[in-house]
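Each reported figure results from applying straightforward, stated rules to the coordinates on display, with no laboratory input. This one's a predicted model, so the numbers in the text were calculated from it and none came from an experiment. Every residue, glycine among them, receives a Cβ derived from its backbone with ideal geometry; neighbour counts consider all protein chains shown.
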Amino acid sequence: MKIETILDRKSDDIVSIDISLTLEFAADLMMRHGIGALIVTEKGQPVGLLSERDLIGAMADSGPHAADTPIRQLMTRPVLAVSPQESLNRAMSLMTTRRVRHLPVIEDEELIGIVSLGDVIKYRLDEMEMESNVLRDLAIAGR
């Protein structure tokens, strides 16, 4: 299976935030969209990723003053990304070894989506359920 299979099931919306903004704006944007990471852009190009883990770390370090922290100080860079042709197994391995929960998907130097660990798990569960149903149907047919 390839990453593009997961992207085909998702909305085409990519939520991003400009590098010049603060964590307060980032937290608000994440809450409004119900997401755990934002693509950070500069002049429209992806330059990093800001996750809920980054926000929590800033709060632990700075308390309420973290809200004024510029995104550029906490974002993860460079962008760790995959292509839509990347295998699902390779993406899962990358997420595990690099301890990340979100992978931007880039094709021809253009950001085309983002895949989360939750997306990968949901896809695998759906795949396992479908396999289970096929095996059940074969067992019933063989009786």
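Key figures for this structure:
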item	result
Protection proxy ranking of 21-30, 8-17 - average other beta-carbon atoms within 10 Å, highest first	21-30, 8-17
Cα convex hull volume per residue for the range 3-141 (Å³)	130
³J(HN,Hα) computed for each position of the range 101-107 - Karplus, 6.51 cos²θ - 1.76 cosθ + 1.60, integer Hz, glycine/proline x	10, 9, 10, x, 10, 10, 10
Virtual spin-label span in nm between THR5 and LEU125, 7 Å along Cα→Cβ	1.8
Residues with amide H under 5 Å from that of GLY113, placed H, sequence gap 5 or more	VAL105
Helix-only [θ]222 nm of the chain, DSSP H runs n ≥ 4, -39500 (n - 2.57) each, per residue, nearest 500	-14500 deg cm²/dmol
Residue among ARG98, ARG72, ARG53 with the largest mean-square fluctuation in a Gaussian network model of the chain, springs linking Cα atoms under 10 Å	ARG98
Nearest 10 degrees, 0 to 90: helix 117-141 Cα axis against the chain principal axis	10
Antiparallel DSSP beta bridges within the chain, as percent of all bridges there, nearest 5	80
Karplus-derived HN-Hα couplings along the range 57-70 (A = 6.51, B = -1.76, C = 1.60, θ = phi - 60°), whole Hz, x at Gly and Pro	x, 5, 5, 5, 7, 10, x, x, 6, 4, 4, 8, 5, x
Hz values of 3J(HN,Hα) by residue in the range 46-53 - Karplus curve (6.51, -1.76, 1.60), Gly and Pro given as x	x, 10, x, 9, 10, 10, 4, 4
